[in-house]
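Working notes, beginning with the structure itself.
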Amino acid sequence: MTQSHGSQYKKKPTGGTKRAWRGKRAYEAGSEPTETTLGPAKKRWVETRGGGLKVRLAAADSAVVTDKASGKSSKSKLLRVIRNPANVDYQRRGVITKGAIVETELGQARVTSRPGQDGVINAILLEKTQK
């Protein structure tokens with residue numbers, strides 16, 4: 001369902017509600033956030049303004065992990081979400097966002113991509129947990 005990101009439904013300084021002076025516009029339309037979780041890979045394609053495509057990653061079971069020391073990248077299986085500083089609730093539910101710390105087969109890694117926008121999980125291996 002479409003979500004409105006317009007400012008016409010804010011309140012007056014007195015606390016009363018403003019009366020809508022026009023209808024909603026197409027450019028104010030948005031959508032619910034895609035909360036990527038662990039599981040079999042599931043992608044969704046969304047048409048953007050201008051006719052482009054955006055890939056939303058609903059669930060993922062692997063990530064492209066880069067080792068900064070060697071400069072090599074490899075696909076690795078995701079095991080669990082350790083920490084998500086974006087939201088405590090996301091951490092409890094295991095939602096993967098940019099900045100989340102995940103455990104992979106290669107060790108702990110920090111997510112550098114935006115899975116709900118990019119359609120892929122890229123991560124950098126944390127140095128203290130390298131195997």
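Of the residues that make up segment 62-69, is at least one in the same structural domain as L125 (by TED's automatic domain parsing), of a type outside the set (S, T, Y) and more than 21 Å from L125 (Cα to Cα)? Working first, answer last.
Here is the first cut: in segment 62-69, the ones in the same structural domain as L125 (by TED's automatic domain parsing) are 62-69.
Pick out the ones that are also of a type outside the set (S, T, Y) and you get 63-65, 67-69.
Keeping just the survivors that are more than 21 Å from L125 (Cα to Cα) gives none.
Within segment 62-69 (the criterion being in the same structural domain as L125 (by TED's automatic domain parsing), of a type outside the set (S, T, Y) and more than 21 Å from L125 (Cα to Cα)), the answer is no, since none of the residues qualifies.
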Residues of segment 92-131 classified as crowded, with 19+ Cβ neighbours inside 10 Å and part of a helix (DSSP H, G or I), total: 2
Considering only segment 46-66, how many residues are outside any loop (DSSP other than H, G, I, E, B), modelled with pLDDT of 95 or more and not β-branched (V, I, T)? 7
Of all residues in segment 6-61, which are basic (K, R), touching a residue at least 40 places away in the same chain (Cβ under 8 Å) and farther than 16 Å from N122 by Cα? K54
Restricting attention to segment 17-47, and to residues there that are aliphatic (A, V, I, L, M) and farther than 27 Å from S113 by Cβ, which single residue is surrounded by the fewest Cβ atoms within 10 Å (Cβ to Cβ)? A26
Identify the single condition in (1) within 16 Å of the chain's Cα centre (by Cα); (2) outside any loop (DSSP other than H, G, I, E, B); (3) surrounded by fewer than 17 Cβ atoms within 10 Å (Cβ to Cβ) that S73 does not satisfy, given that it satisfies every other one. (1)
Near pairs, Cβ below 9 angstrom, 6+ apart or cross-chain, from segment 109-130 (of a type in the set (K, R) and modelled with pLDDT under 95) to any residue that is in a strand (DSSP E or B) and surrounded by 15 or more Cβ atoms within 10 Å (Cβ to Cβ): K128/G107; K128/Q108
Quick one: count up the residues across segment 2-17 that are assigned to a loop (DSSP other than H, G, I, E, B) and under 25 Å from P33 (Cα atoms). 7
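The values are calculated or read from the model by the stated rules, or taken from the named source; none is laboratory data. Values in this document were obtained by computation on a predicted structure and should not be read as measured data. All Cβ positions, even for glycine, are placed from backbone atoms using ideal geometry, and neighbour counts span all protein chains on display.
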